[in-house]
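Chemist: Dropping the structure in here first, questions after.
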Amino acid sequence: MKKWILKENDANISLMAETLKLKPALCHILANRGIRSKNAVIKFLNPLMKFLNPIEEMLGVKGTCEIIKQAIEKGEKICIFGDYDVDGVCSTVILFKTLKSLGADCEYYIPHREKEGYGLNIAAIEDIASRCQIIMAVDNGISAIEEVKRAVELGLTVVIIDHHQTPAQEIDGSWQETLPQAHAIINPKQHACPYPFKEMSAAGIVYRFCKHLYEFFGKPFDIDEEALIFATISTFCDVVDLVDDNRIIAKNGMRLLGQQKVTNIGLDTLIKARNIECDDIDDFAIGFILGPCINASGRLDSAALAVELFLTEDEAEAAHLAERLVMLNEQRKDLCAKHVDDAIASLDIEDLDDIIVLYIPHIHESIAGIVAGRIKEHTGHPTIVFSKAGEVAKGSARSIEAYNIFEEMQKNKDLLDRFGGHKMAAGATLAIENIDILRQRLNHASTLKQEDFVPIISGEKELSLDDITFELASDIDALAPFGKGNREPVFFTKSIFTERIEIIGQSGQTLRFIFRSDNGRKITAIAFKATDKFVSFLQEKYSDEIVEGFASGRHKSLNIKMDLAYNIRINHYKGNASLQLVILDFKHP
């Protein structure tokens, strides 16, 4: 059972609407997001590139520009050390293309997930030092204290461009930031960094830096649109907050995609391989169709495949690589489905730990994070899934809003061989015998309450069906793109009557409703994966005859009273536009 909460704010909506010349309902949504001043509203509704925070303010940018300038002048070779997820791939592609176009001698290195694990490692560094003078770690490196130390010992100049939480250690009873001794670090989460926005993806930071680097060299950024699109993909796939700089990057990158300005041969080929039209690319297409294909290469093969796809200029090679990524993603989906079902079946739902820690030796380590995420969604509990990787265990953690998984695991660093991440997600390597100790410690220290595990639906406003108009739907569209930090607005409507209910779709789990308003208006609504839940809903208050009639398809014209939680969208079909509600939850009045 989900908990419905109506957001509250103390804004004077009437005054706000009059001052800003906006509709009250839109003002209500903006106020709920803390966007109230004229300047803040203008920036949010018109997220122009000129509104980005000045990248020169980010600590490390100036020093990194100088290092690259000297490297090009001296003919020194640069190795870009990336990561095997979407953010790492996009960061590597943007930086590699930038350095090459500026005349740098460079290569890239993507660690193998199973053989090497996440981030810088000593063996790779020693190999790179045999042919390169500079190593630039992107989307990793901020926690690599010993690895950076070894790189410097070998004479490498080390640059880190990262966005992960900076590491800390306890000194004299307090936690103090402990950074690698690199020659330059670009990471807005550094305590000393004055850059005001801290939550960008790594590729977002790399994009901003590369554009500034061109200015530093006095050249026009000739790959601006291509780089912005890759930064946009990483912004969605790395699930960073879609506000401030991230919103500006995502909005403008989506605009380019909609205008079919995909100049990258590999990306264009992958889009076509997934049968997506450019004007249909939205947050869902990026996050759930394209992103998983890019990630699949790093999960089941090597993420270098995805980098190669986005760097190739050969259409035949692009077609081959895109087909390979699609195939790997299908394999990944099959693996995930099996492991998620098995893992959930093994849980005692009536007696769960606050923090679920599972050791599944046979699970493919590359999908441990996906399985952890699915278990977290199913149970509402923070979840860590460990797999066996040689003589040690590797794990991925996924958390809930009420629990900072990064901070809590950091308190147990003595148990961990390697560790890094964010508030909502983290990864770690540790001795197998330490898994149970970690589980005990995390649960012993937990202050989570039962209500923290209950999924919450936050509503912007309670509406009547007659309040739902095309104008309101268009205003909501202006708030897109939606995602973490800028969720699609949810509304509640109480005690409304159904006029017709149908089971549709091949799976038989999608419902189509027609509701009627007090004034006789009819509005269509759709509810996905809802048939079984609706049957249970009917069983609570209605006769067996009604329940059986609905389930068999005999009863479609049902007069049922419901409370709804939903999104408002404009449905485009065969050239026609209509209002449509997407139902997220329903209950008895």
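Chemist: Among the residues of the stretch 516-563, which ones are of a type in the set (S, T, N, Q) and either part of a helix (DSSP H, G or I) or open to solvent by 20 Å² or more (accessible area, probe 1.4 Å) (or both)?
Modeler: Within the stretch 516-563, 519, 524, 531, 536, 539, 543, 552, 557, 559 meet the criteria.
Chemist: Check 298, 369 and return the single one that is part of a helix (DSSP H, G or I), closer than 21 Å to residue 433 by Cα and either of a type outside the set (Phe, Trp, Tyr) or without any contact (Cβ under 8 Å) to a residue 12 or more places away in the chain (or both).
Modeler: After applying the criteria, what remains is 369.
Chemist: Here is a further query. So, in the stretch 487-497, exactly how many residues are at pLDDT below 95 and crowded, with 18+ Cβ neighbours inside 10 Å?
Modeler: 1
Chemist: Okay, next question. In the stretch 353-395, how many residues are open to solvent by 40 Å² or more (accessible area, probe 1.4 Å), of a type outside the set (Asp, Glu) and under 13 Å from residue 453 (Cα atoms)?
Modeler: Summing the residues that are open to solvent by 40 Å² or more (accessible area, probe 1.4 Å), of a type outside the set (Asp, Glu) and under 13 Å from residue 453 (Cα atoms) in the stretch 353-395 gives 2.
Chemist: Among 34, 60, which is within 26 Å of the chain's Cα centre (by Cα) and within 29 Å of residue 212 (Cα to Cα)?
Modeler: That would be 60, the only listed residue that is within 26 Å of the chain's Cα centre (by Cα) and within 29 Å of residue 212 (Cα to Cα).
Chemist: Another question about this same structure. Here's a check for you: in the stretch 564-589, which residue that is under 26 Å from the mean Cα position of the chain (by Cα), open to solvent by less than 60 Å² (accessible area, probe 1.4 Å) and of a type in the set (A, V, I, L, M) is nearest to residue 457 (Cα to Cα)?
Modeler: Top of the filtered list is 565.
Chemist: A follow-up question, please. When the residues of the stretch 234-264 are narrowed to those that are surrounded by fewer than 19 Cβ atoms within 10 Å (Cβ to Cβ) and of a type in the set (Val, Ile, Thr), which ends up farthest from the chain's Cα centre (by Cα)?
Modeler: It comes out as 263.
Chemist: Looking at the stretch 323-343, which of the residues that are aliphatic (A, V, I, L, M) and either more than 22 Å from the chain's Cα centre (by Cα) or open to solvent by 70 Å² or more (accessible area, probe 1.4 Å) (or both) is farthest from residue 274 (Cα to Cα)?
Modeler: Within the stretch 323-343, the match that is farthest from residue 274 (Cα to Cα) is 343.
Chemist: Would you mention how many residues in the stretch 157-170 are closer than 27 Å to residue 238 by Cβ and either surrounded by fewer than 17 Cβ atoms within 10 Å (Cβ to Cβ) or hydrophobic (A, V, I, L, M, F, W, C) (or both)?
Modeler: 6
Chemist: Does any residue of the stretch 19-27 turn out to be among the small types (Gly, Ala, Ser) and loosely packed, with under 15 Cβ neighbours inside 10 Å?
Modeler: no
Chemist: Quick check on my filter: what residues within the stretch 203-233 are open to solvent by 40 Å² or more (accessible area, probe 1.4 Å) and in contact (Cβ under 8 Å) with a residue 60 or more places away in the chain?
Modeler: 211, 216, 217, 219, 222
Chemist: Among the residues of the stretch 440-462, is any open to solvent by less than 20 Å² (accessible area, probe 1.4 Å) and of a type in the set (Asp, Glu)?
Modeler: yes
The values are calculated or read from the model by the stated rules, or taken from the named source; none is laboratory data. Note that the structure is predicted; figures quoted are calculated from it, not measured. Note: ideal-geometry Cβ built from the backbone for every residue, glycine included; neighbour counts use all protein chains shown. Ligands, DNA and RNA are excluded from the accessible area calculation, which covers all protein heavy atoms including side chains. Shrake-Rupley method; radii C 1.70, N 1.55, O 1.52, S 1.80 Å.
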